[in-house]
Amino acid sequence: MGSQLENLKIVVVDDQEEVRSALERYLSSLGAQVHTYDNVGQTLTAFRLVRPHLVICDIHLPRENGIDLLHGIRLLEQYPREEVPVIAMTGFVNEIEQIKARAPGFNGFLRKPFTPDTLLQIISELAKL
Amino acid sequence: MKLSKEAAAICSALNEFKLPRAIGHLSQNCFVAWNESFQERTGYAPEQLEEADLKDVVVLFEPDSQVQETVHVPSPDVEFVRCNIRCYGQEHFATGYAARRNDGFVLFMIDVVNPTTGAIEDARLFGREEERNRIMKLFHDEVSPKLLAAVFEVQRAKEELDAKGLKEGQAVSKAGEKLIETIDAVISVLDPDEPNPRSTSSEQS
């Protein structure tokens, strides 16, 4: 359908299956290679193998949350490229300021539910497309 | 002055109450314990409440028949009266009831009663806030993922139709726009204070 995101490897982390599959189908249709996970542990285990260009993660995950995932990713010292952009998804706009204070390392924020245009805009900015 | 262990335990127990609650002692002219909601409502810091002269902060009204008729008093040693609590650095008072015991202890329950209407307006407002938060959480947990999935599916369908050069893509596009408008409307009804729900931000380093 499109090649806007061709060769871009994107990791999507959300515990809600509907969100994972919607993003996977849409981003794949634009040419991205999408890997989805529903928890922090799985994501960190797969991270070095997948070597994504971008991570999109929900803040509210069972057990460890999106902030734990961000810290885990930043701790993966052997990752060869420069810092991987991590986008946080949250349902609450008012929560974004709190997250920025607690975890300043996020590169972007998406307020759920968001639109495809909004998603593409932030991916384009961060992946420098 | 530091709160005694017993007073701290009472404070902790009072925190079980969502509405502002405090205990004072009339002859000792001091607060004994209070909950966080009481601090927030009156604006006093814990140190200020520890040092406060009760008489400077609290106005207890004479018993009136209306209160006595509407409140069930479990013991003859307890008397219910209306009370005002002066809020820190402000002209206005927080209003409510006080349950006064013969031995001098008083339980202050503010925001229970509106002195003009006699209704439990603040408590109702508090209940509304809790209910709104509950609905917001339900929306984000149950409805939002489905809406998001629907918006992305519609967009995908539109792009597929466009790619095939079919004019139905425009109709699907309009349906998608309506769906997005609906999402925005639902969010603004649930939380009118939230900024534009379509906004995003990227933190370029």
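Computed values, structure above
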| read-out | value |
| --- | --- |
| Residue exposure sequence - A:Val55, A:Val93 - by fewest surrounding Cβ within 10 Å | A:Val93, A:Val55 |
| Prolate/oblate/rounded call for segment A:3-73, Cα gyration tensor, a/c under 1.5 rounded | oblate |
| Restraint check, A:Lys100/A:Lys128; B:Lys146/B:Lys174; A:Lys9/B:Lys178, Cα-Cα greater than 28 Å | A:Lys9/B:Lys178 |
| Partner chain coverage, peptide B:134-147 - average Cβ within 10 angstrom | 3 |
| Hits among lysines - C-alpha to C-alpha of B:Lys55 under 24 Å, sequence gap 8 or more where chains match | B:Lys2 |
| Mean separation of Cα contacts under 8 Å (6+ apart) over length of chain A, as relative contact order % | 21 percent |
| Sorted largest first, extent of segment A:18-129 alpha carbons per principal axis (Å) | 33, 33, 27 |
| Pairwise label distance in nanometres, B:Lys18 with A:Asn7, each label 7 Å out on the Cα-Cβ vector | 5.5 nm |
| Sorted by Cβ density within 10 Å, fewest first, the residues A:Glu18, B:Glu62 | B:Glu62, A:Glu18 |
| Extension gain from B:Glu62 to B:Val78, taking 0.36 nm per residue of separation minus the Cα-Cα distance | 4.4 nm |
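A short reminder: the numbers here are calculations on the coordinates, not readings from a lab. These numbers come from a predicted model, not from an experiment. We place every Cβ from the backbone using ideal geometry, glycine too, and count neighbours over all the protein chains shown.
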